[in-house]
Amino acid sequence: MDRQTVGSTPRGRLRVDVRNEGSSAVVTPAGELDHHTADLLREPLEEAVSQGRARLVVDCSQLEFCDSTGLNVLLGARLKAEAAGGGVHLAAMRPVVARVFQITGAEAVFTVHDSLESALAD
């Protein structure tokens, strides 16, 4: 595959930052969440739950794209977090990302917040 083709350099297309804030793990994916980059988000979400951080706040403000694989990562994290007594809160979704959740009906199974601040205050 041509190195300039989208999808040919997956690690450069998604960066994930994690920090703890109160009882929450705040996970901030930046870039494109798809089949090629999904594990870059899956691993820190699972690690947070395994370390006892069952309340996951995903700051979507820097997420530029999310396909069905990315959605499945978030759904899987939700199941694990809920099994541990927590949940997944999605914050500050851009319209293009929010549309994926609306089309699939997934917005009904997540707690969605307009801003990171409101997600942390909840």
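When the chain is treated as a GNM, springs tying every alpha-carbon pair under 10 Å, which of ASP39, ASP59, ASP17 comes out with the largest mean-square fluctuation?
Among ASP39, ASP59, ASP17, the largest mean-square fluctuation in the Gaussian network model of the chain belongs to ASP17.
Give me the percent of accessible area attributable to carbon and sulfur for the chain, probe 1.4 angstrom. Walk me through the numbers on the way to the answer.
Details: 3060 of 6420 Å².
Taking all protein chains in place, the chain shows 48 percent carbon and sulfur surface.
Using only alpha carbon pairs under 8 Å that are at least six residues apart, calculate the relative contact order of segment 21-122 and give it in whole percent. Let's see the in-between values first.
Numbers: 175 pairs, mean separation 29.2, N = 102.
Rounded, it is 29 percent for segment 21-122.
Using a Gaussian network for the chain with springs between C-alpha atoms less than 10 Å apart, which of these wobbles most: VAL109, VAL100, VAL18?
VAL109
Can you work out the accessible area per residue across the chain, with the rest of the protein chains kept in place, probe 1.4 Å, in square angstrom?
On the way: 6420 Å² over 122 residues.
Ligands and nucleic acids excluded, the figure is 53 Å² per residue.
Kindly express, to the nearest 10 degrees and within the range 0 to 90, the angle between helix 95-104's C-alpha long axis and the longest C-alpha principal axis of the chain.
In the chain, helix 95-104 runs at an angle near 80 degrees to the longest axis.
On the Cα set of the chain, report Rg and Dmax in Å, please.
Values for the chain (Cα only, Rg and Dmax): 13.7, 45 Å.
Quick check: the angle from helix 68-83's long axis to the longest principal axis of the chain, C-alpha only, nearest 10 degrees?
Around 20 degrees separate the two axes.
The values are calculated or read from the model by the stated rules, or taken from the named source; none is laboratory data. Bear in mind that the values here come from a model prediction, so they are computed numbers and not experimental data. Just the protein is used for accessible areas: all its heavy atoms, side chains included, with ligands, DNA and RNA removed. Shrake-Rupley method; radii C 1.70, N 1.55, O 1.52, S 1.80 Å.
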